[in-house]
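The structure under discussion appears below in the form of structure tokens.
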Amino acid sequence: MENKTDRRSFFSIAGKGTIGAMILSSLPFKLFASNNSNKKLKKVVIHNQAVKRVK
Amino acid sequence: MSEENKKYWKSLDGLNNSTDLPGKNHKEFPDSVTDGFNVESINGLSRRKFLGLLSVSTAIAATACSDYHDQKEIIPYTNRPEGVLPGKPNFYASTCNGCQEACGILIKTREGRPIKVDGNDEHPINKGKICATGQSSIYNLYDPSRLQNPLKGTSKTNWATADSEIIAKLDSVSKSGKKIVVLTNSINSPTERKMLDEFKQRFATAEVHAFDLFNNCNKKFGWFKSYGNAEIPSIKWDKANVILSLEGDFLGKEGNFIENTRLFSSKRDFSNVKNFNRLYVVEAGLSLTGSNSDYRMRLKPEAQYDFVMALLNEVIKKGASNIVVDSSVKNKLSKFSLDKIAKSNDLDSIKVNYLVEDLIKNKGKSIVYAGDSLSGDVQIAVNLLNEVLGNTDLYNYESAYVNTGKQLHFPQIEELIKSYNNGEVGAVIHYDVNPSFHLPKSLKYNEALKKVGFVISLVDSPNESTINDNFTLPINHNFESWGDAHSRKNVYSLRQPVIAPLFNTRQKEAILLTWILGSPKVYNESLYHDYLMESCRETIYSKKKLSVDFISFWNSALHDGFVNIESDGNSRKPFNISEIKIADSPKENSGFSILLAKDYFIGDGRFANNGWLQEIPHPISKVAWDNYAAIAPSSASEMNLKNGDIVNVTVGENSVKIPVLLQPGVAQNTLVIELGYGRTVISDVGKEVGKNANNLLNIKNLNSRWICSNASVEPTGENYKLVSTQEHHSLDEEFVKDLHLKRGIIREANLDEYAKNPKFANEEDIELVSITSEHGQVGTKWAMSIDMNKCTSCSVCVASCNVENNIPVVGKDQVAVGREMHWMRIDRYYSGSSEDPIVSNQPMLCQHCDNAPCENVCPVNATNHSPDGLNQMVYNRCVGTRYCGNNCPYKVRRFNFFNFRDHFEDGFYLNEVSPLVHNPEVTVRSRGVMEKCTFCVQKISEEREDAIREGRQIKGDNVVPACQQSCPADAIVFGDANDPESKISQYRKHELGYGVLQTLNVKPNVTYLAKLRNTHSEDI
């Protein structure tokens, strides 16, 4: 069966695809990602009127 | 034709020398080779260009790609809060509110986050130690199921709306003449009491009632009848040569058992055996105190009254009374014969005689203690017995308990519920209480509550009482709150917040103050703080007449956590013998006796959602994640019951289905059931854990709500799986009776035996010969000793270790298959008969053996020995073969079968607060990794760093592992065995010191000091 894609066009496609993937991966998707609270810890605030023990 | 002339040809054309052949004209390829090949139509991207683009793209991607591991934000601490040094902990003094004892605590924080709670070492009552509940309270702070916002019904609302509606409603209820009922626990805070009084003034129809599921109301009643006041003194346990405890678990759960344990254990010093105390315990169920007794007798709770009266009679008959006893009283006492009572209750007459002899011989230096569950009549009889024996010098009036006021009893509760039903009550405020759970269903509290127009609950998380709420208001955790406590006469304790509220919660006192002041706008974060300061100024500072200003005094008090108060004179009053009426003996009990007891860890059920507390094995039965009805093996065999069989326990009209546990040491025909279980409105951790037996509370018995008689027990034919850790990690496979004694795991003797043969602890050991030369250890060598004379198996060390070392909670199913992760466990052994056994306890942890069998078998050298004697665990080398755990003779290694912090149990721990509980100084272990006790290597490292910085040698005494720090009996000693002046090096050489399974030649570095029982020479 004749191969419709010859060697040069194959590598051409592969190369273009790789370039596209690399560029996409460098885009700041995190800015648009959902806020996964599992990965964030509750912010703790020290009570400013507490008197600490001097050891 | 010759070879030279031979000609080869490929074709006829070649043979004929045709000029059309390729290559004929020195051309490599024929002219047609490029036919159909149009250079112009080829893609403009050449190979060179493609490779060039590829390399540029790779470079861009490498610089732009984000790390998929990155999940956290790194925030530079450039604007560091004052007083916070990253990596260095801060400590804050405060007061525990887990129970009424108000122990002083020291909260350790890292970067503003509380991570560990220990006792306040300067506090005069608990002196640096707290109970397992206090240790684990950090878990409650970071409980994700805490209420995070105010609720109106079931919908979220805001504080302004809630406050304004509530104030308006309370005003209208008050004006209408209907009552406003405030239900609370006993209040030991003078400021809170003052505030509640102001609440009553503000709302004229307001009533404040206190109810605790467990309290000392019987003791207070008895004391009041005996001495005319309710300020019960504490006991100088350290001065008592002989102690008789009647159903009183003073080492496990009654009074300030931390203080009791310290004082009791001080008279169990093996270096001063002549000073040993002798403990007699007479009880129905096997308690922690009973398991530490020298002599123990089983007696049904209803028979305690007769027993005490008979003892009184015996002592007076023998002429040993210290006071003049009226002849009429003597005559009445004469009907109580000790022999008869001993026979009818199957008491060992030898032990009874020993008891009487000892009490008389140690008049003035002994104490008789009645447990809180015993009726007021028994309390009065015991008070009289102490007077007769002259033991009242052991009452510590300076440190007496402050009377926290009246408690509701069941008749009053019934009246209250009636008033709900009659429409006399317009509003009910549940002030951090849960009456719907605590009260028996037969009282129909919830149904009555529906008839009240307005119900508000101030709670930290939803509970059974909040289901009918109009408003449910979330309150701060103890570590987020201001407060004070005055539970003992000589100490006024202060509570300060160490972290701002994690959620949209408020301090419960501040909520009430806002309503008192009548406007939502008055609330601010300092509202209760200012009120507390003012109250402290009036009640404490003004009376002390100090030269410093109030602010300096206040800051100093917060720094210390408490203020010493001089006692206002000796409140000791003479015993009112004329008031004593000899009560009738309780009627014959034909059925079972039921004793309802407090749980050792979860209290009245308020801590049921604390996974650490649920998972710590019961000190006696070693059952985790459940309660049960403890029954004597003989009573069980009469009914053909085995462990886990569900029985229907009926008292009057109330019944409960509960599994039984065959518990050696329980009195015949008695069930002992711990309450606080079976919660239904709670988060997943505590939901439906155990069975709710509150229905069995004895409403009719005015003497004691916790004792029921004539109960029927019917097997249902069902079985329930109770999970006990006792058979896990057994040190041997086959069951052999008294194996722990035969193998030398437990070594004990009585004092006489020890006097005759001081080397009994090691005399049966064989001489060990090593085929290799001894490894000398130069420099620091860490070692530990555990004094079995002092250890009471209270399990505080287990709780402390869990908190310090980030031990995960694994749940009941995993505990059932032996996967609990506790680095420290307390093994409990019985010896003697199954009905009346002798109990021996032994804390077991990694022994950090010099010849560790686990180190040799690790294929990747993940476990090895440090130069200072520690058996180390390198988590990131471990590949999880578990060969080390297989080889460990002590079975102290724990394997992480799951990543308990990740998707275990539907990701229960994946939320924004649970990870805050972790101690940042200790690695959080992942799946597939073995772990075990490290001798708190993080504390050793801290000392090493301090020593390097200060240019000195490491001092062994400066390293205090979590277990040693928390042990209320000071049974654990840790330090440098190579330091000849250290305590540990002396204990290692002591004649009582031995290593468990030391004949295996593993050379354990944990030395156990053999237990000495203070029994008579003919007993063991």
Subject >> Rounded tilt (10° steps) of B:159-176 against the dominant C-alpha axis of chain B >> reply: 20 degrees
Original post:
Given charges of +1 on the Cβ of Lys and Arg and -1 on the Cβ of Asp and Glu, with all other atoms neutral, how large is the dipole of the protein assembly as shown about its Cα centre, in debye to the nearest 20?
Top reply: 1440 debye
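How well do other chains shield peptide A:15-23, expressed as the mean number of their Cβ atoms within 10 Å of each residue Cβ?
What the average comes to for A:15-23 is 5.
Where Lys and Arg each count +1 and Asp and Glu each count -1, what net charge lies around B:THR404 among other residues with Cβ under 10 Å from its Cβ?
+2
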Subject >> Long-range HN-HN contacts of B:ILE105 with modeled amide H, under 5 Å >> reply: B:SER94, B:THR95, B:CYS96, B:ASN120
**OP:** Find which of B:LEU768, B:GLY591, B:GLY561 sits farthest along the positive direction of the dipole of the protein assembly as shown, computed with +1 on the beta-carbon of Lys and Arg, -1 on that of Asp and Glu, about the Cα centre.
**Re:** B:GLY561
Original post:
Scaled to the compact-protein estimate 2.2 N^0.38 Å, what is the alpha-carbon radius of gyration of the stretch B:678-718, rounded to two decimal places?
Top reply: 1.55
Original post:
Translational D (Stokes-Einstein, µm²/s) of chain B at 25 °C and 0.890 mPa s when Rh comes from the Kirkwood sum over C-alpha pairs?
Top reply: 77 µm²/s
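What is the Cα convex hull volume of the stretch B:624-678 when expressed per residue in Å³?
90 Å³
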Original post:
Helix B:550-560 versus the longest principal axis of chain B: what angle, 0 to 90°, nearest 10, using Cα atoms?
Top reply: 70 degrees
**OP:** For B:LYS545 and B:ARG944, compute 0.36 nm times the residue count separating them, minus their Cα-Cα distance, and round to one decimal in nm.
**Re:** 139.1 nm
Original post:
Cα axis of helix B:349-361 to longest principal axis of chain B: angle in degrees, 0 to 90, nearest 10?
Top reply: 70 degrees
Original post:
Ranked highest first by the average count of other Cβ atoms within 10 Å around their residues, in what order do B:318-326, B:861-869 fall?
Top reply: B:861-869, B:318-326
Original post:
What is the average number of partner chain Cβ atoms found within 10 Å of a Cβ in B:475-483?
Top reply: 1
Original post:
So for the pair B:VAL56, B:LYS756, with labels modelled 7 Å out along Cα→Cβ, what separation do we get in nm?
Top reply: 9.9 nm
**OP:** Quote the charge dipole size of the stretch B:811-912 about the Cα centre in Debye, to the nearest 20; the model charges only the Cβ of Lys and Arg (+1) and of Asp and Glu (-1).
**Re:** 260 debye
Original post:
Cα convex hull of the stretch B:217-396: how many Å³ per residue?
Top reply: 108 Å³
Subject >> Charge dipole (the protein assembly as shown, unit charges on Cβ, about Cα centre) - positive-most of B:LEU213, B:PHE276, B:GLY405 >> reply: B:GLY405
**OP:** Enumerate the whole-percent occupancy of each 10 Å bin, from 0 to the last occupied one, for all C-alpha pair distances of the stretch B:812-881.
**Re:** 16, 30, 32, 15, 7
Original post:
Pulled fully out, how much extra length does the chain show between B:VAL84 and B:LYS236, if you take 0.36 nm times their separation in residues and subtract their Cα-Cα distance?
Top reply: 50.6 nm
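Go ahead and estimate [θ] at 222 nm for the protein assembly as shown from helices alone: -39,500 (n - 2.57) per DSSP H run with n ≥ 4, summed, over the residue count, rounded to 500.
Computed mean residue ellipticity for the protein assembly as shown: -7500 deg cm²/dmol.
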Subject >> Quotient of Cα Rg and 2.2 N^0.38 Å for the protein assembly as shown, N being how many residues it contains >> reply: 1.17
Subject >> DSSP-defined beta bridges in the stretch B:592-724 - what % are antiparallel, rounded to 5 >> reply: 70 percent
Original post:
Can you give the FRET efficiency for B:GLU398 and A:GLN49, using 1/(1 + (r/R0)^6), R0 = 35 Å, r = Cβ-Cβ distance, to the nearest 0.05?
Top reply: 0.60
Original post:
What's the percent breakdown of Cα-Cα distances in the stretch B:518-563 across 10 Å bins, shortest bin first?
Top reply: 23, 49, 18, 9
Subject >> Highest-first arrangement of B:875-881, B:308-314, where packing means the average Cβ count within 10 Å >> reply: B:308-314, B:875-881
Original post:
Once you sort the root eigenvalues of the Cα gyration tensor of the stretch B:653-723 as a ≥ b ≥ c, which label holds: rounded (a/c under 1.5), prolate (a/b larger than b/c) or oblate (the other case)?
Top reply: oblate
Subject >> Per-q log10 I(q)/I(0), the stretch B:592-724, q = 0.12, 0.15, 0.17, 0.21 Å⁻¹ (Debye; single scatterer per alpha-carbon; no solvent) >> reply: -0.42, -0.66, -0.86, -1.29
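Can you give the extra length, in nm with one decimal, that the chain gains between B:GLU764 and B:ASN856 once fully stretched, where that is 0.36 nm per residue apart less the Cα-Cα distance?
Extending this stretch completely gives an extra 30.3 nm.
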Original post:
To the nearest 20 debye, what charge dipole does the stretch B:888-1016 have about its Cα centre, counting +1 at the Cβ of each Lys and Arg and -1 at the Cβ of each Asp and Glu?
Top reply: 680 debye
**OP:** Just order B:473-486, B:757-770 by mean Cβ neighbour count inside 10 Å, highest at the front, would you?
**Re:** B:473-486, B:757-770
Subject >> Inter-chain shielding of B:524-533 (mean C-beta neighbours from other protein chains, 10 Å cut-off) >> reply: 1
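Read-outs throughout are calculated quantities, based only on the coordinates presented, and are distinct from any laboratory measurement. It should be emphasised that the depicted structure is a prediction, and the values quoted were computed from it without experimental measurement. We place every Cβ from the backbone using ideal geometry, glycine too, and count neighbours over all the protein chains shown.
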